[in-house]
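Novice: Let me begin by handing over the structure; questions about it come next.
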Amino acid sequence: MISLFAGAGGLDIGLEQAGFTTRAINELQTHACETLRQNKILSWLRQEEFPAWFDAQMQQRCYAKISAVDRLELFKQLSSAVGSNRYLHQAD
């Protein structure tokens with residue numbers, strides 16, 4: 001499929017879970033494009049690469065005021081996805 005106005009890619013991931021393959025993704029919003037990029041990177045990381053990737057993400061301004069508890073919870077949630085889902089891997 002070709003995804004137009006993809007946003008952060010949630011619908012595309014759901015359709016891939018249903019058996020579709022995404023070949024191209026189109027999105028103009030900068031924040032949505034960055035989410036798509038980082039989710040694709042996350043799905044290909046090895047477990048030992050995850051802490052460095054996570055720390056780099058936490059340097060973004062939007063995470064400046066995140067509590068230690070929330071940071072740990074986010075770390076747990078994201079680390080469980082490392083390498084487990086290869087969604088959008090054929091998409092450009």
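Taken together, the values in this text are just the output of simple stated rules run on the coordinates, not laboratory data. It should be emphasised that the depicted structure is a prediction, and the values quoted were computed from it without experimental measurement. Please note: Cβ atoms are built from the backbone with ideal geometry, for glycine as well, and neighbour counts cover all protein chains shown.
Novice: Under the rule of at least 5 residues apart or a separate chain, name every residue whose amide H is placed under 5 Å from the amide H of Ile25.
Specialist: For Ile25, the qualifying residues are Ser3, Asp92.
Novice: Evaluate the relative contact order of the chain (contact order divided by residue number), counting alpha-carbon pairs under 8 angstrom at least 6 apart; express in whole percent.
Specialist: Values: 87 pairs, mean separation 36.2, N = 92.
In percent, rounded to a whole number, it is 39.
Novice: Residue by residue through segment 58-67, which ³J(HN,Hα) values in whole Hz follow from phi under the Karplus form 6.51 cos²θ - 1.76 cosθ + 1.60 (θ = phi - 60°), with glycine and proline marked x?
Specialist: Karplus-based 3J(HN,Hα) across segment 58-67 equals 5, 7, 5, 4, 5, 9, 4, 10, 6, 6 Hz.
Novice: Provide the per-residue ³J(HN,Hα) series for segment 25-32, in order, calculated from phi with Karplus coefficients 6.51, -1.76, 1.60 and θ = phi - 60°, each as a whole number of Hz, with x at glycine and proline positions.
Specialist: 10, 10, 8, 9, 5, 4, 5, 5
Novice: How big is the dipole moment of the chain about its Cα centre under a simple scheme where the beta carbon of each Lys and Arg is +1, that of each Asp and Glu is -1, and everything else is neutral? Debye, nearest 20, please. All intermediate terms of the calculation are to be shown ahead of the outcome.
Specialist: Details: 9 positive and 10 negative charges, 16 e Å.
Charge dipole of the chain: 80 debye, to the nearest 20.
Novice: Right, here's the next one. How much net charge surrounds Phe54 when only other residues with a Cβ under 15 Å from its Cβ are counted (Lys, Arg +1; Asp, Glu -1)? All intermediate terms of the calculation are to be shown ahead of the outcome.
Specialist: Working: positive: Arg46, Arg71, Lys76; negative: Glu48, Glu49, Asp55, Asp70, Glu73.
Value of the local net charge: -2.
Novice: Divide, for the chain, the radius of gyration over alpha carbons by 2.2 N^0.38 Å, where N is the residue count.
Specialist: Details: Rg = 14.0 Å, N = 92, 2.2 N^0.38 = 12.3 Å.
Relative to the rule-of-thumb radius for its length, the chain sits at 1.14.
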